[in-house]
Amino acid sequence: MSTESDSQLLTRLNIAEQKAEELARLLATVGHEVKTPIGIAVTASSHLQLKVENIKSEYQSGKMTQESLEAFFDLVSESAKILQSNTQRASALMDSFKQVAIDQAQETVRVIELAPYFKQLQMSFALVLKQAEAELSFDCDDSLRLQSCPGALTQVLSNLIMNAIQHARIPGTPLVINLRAIAVNPERGELSIELRDNGRGMSEDLQQQVFEQYFTTAKERGGSGLGLGIVRELMNSTLHGELTLSSEEGRGSCFSLLLPSLPLGDN
């Protein structure tokens, strides 16, 4: 029976550590994003409660007029719309983040609808992007699907996005990151995902080193050099795909992921 080498065990531990960090970031984003619709709903319900007490007092004292009653009906209708829209948004956010968290915790293959998947990923990075003054957009046909391991794919894309935020920004220029999905072999379910940024780019020498474990250009800022090494490991061992990098100094970088369709239920 084969046993794991020290390097394989270390890689697995690093991947597990990164999953925990991703889930922690996700939890922070959940709190930030859900706070707004819940806060609006609480304010609307408090205002409605106050108006109920006012109209009740007018009724009991015999001072209620048709005009005040109609105004109250309008307020109730508007408050109901506000409560419905914001509680539905909070529920949708929770469902979205829940799916991302489940995907990150599991390694089972499933069919991924890419447009909603990218939207969930975009939402999970909302807080980090806001703090970094960066933008994440995606370009994906609604019909595109991929049969793969969403947990590993999420970790790969999350690491690439964080890498761009931490290393690619040019001072004074807003960082823009774009995800694009392209069907390359539809009959076999294969597709390509490109992650492109408008950042500082990389020299040819740097491109040769970025996927090496523990290589980092940001040691002084706490960089571990694990992110892109883990990306390569997950692409090879879990997603069974190909990863290429195209970059030019001063003109941004593009990571291309060629992903095959995996058998359902595998991990």
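What follows is calculated from the coordinates using simple rules that are stated; it is not laboratory data. Quick caveat, the model's predicted, so the values are computed rather than measured. For neighbour counting, all protein chains shown are included, and Cβ atoms are generated from backbone atoms with ideal geometry for every residue, glycine included.
Could you line up Ser57, Ser45 from fewest to most neighbouring Cβ atoms inside 10 Å? Display every interim value, and only then the final one.
Numbers: Ser57 11, Ser45 14.
Least crowded to most crowded, the residues run Ser57, Ser45.
Arranged by the count of other C-beta atoms within 10 angstrom, fewest first, what order do Leu258, Leu69 take? Let's see the in-between values first.
Working: Leu258 17, Leu69 13.
Result, fewest neighbours first: Leu69, Leu258.
Using +1 on the beta carbon of Lys and Arg, -1 on that of Asp and Glu, and nothing else charged, what's the dipole of the stretch 107-259 about the Cα centre, debye to 20? Walk me through the numbers before you get to the answer.
Details: 13 positive and 19 negative charges, 77 e Å.
So the dipole magnitude of the stretch 107-259 works out to roughly 360 debye.
For each of Ser91, Ser61, count neighbouring Cβ atoms within 10 Å of the residue's Cβ, then give the residues from fewest to most. Before the final figure, lay out the partial values.
Details: Ser91 12, Ser61 8.
Ascending Cβ contact count within 10 Å gives the list Ser61, Ser91.
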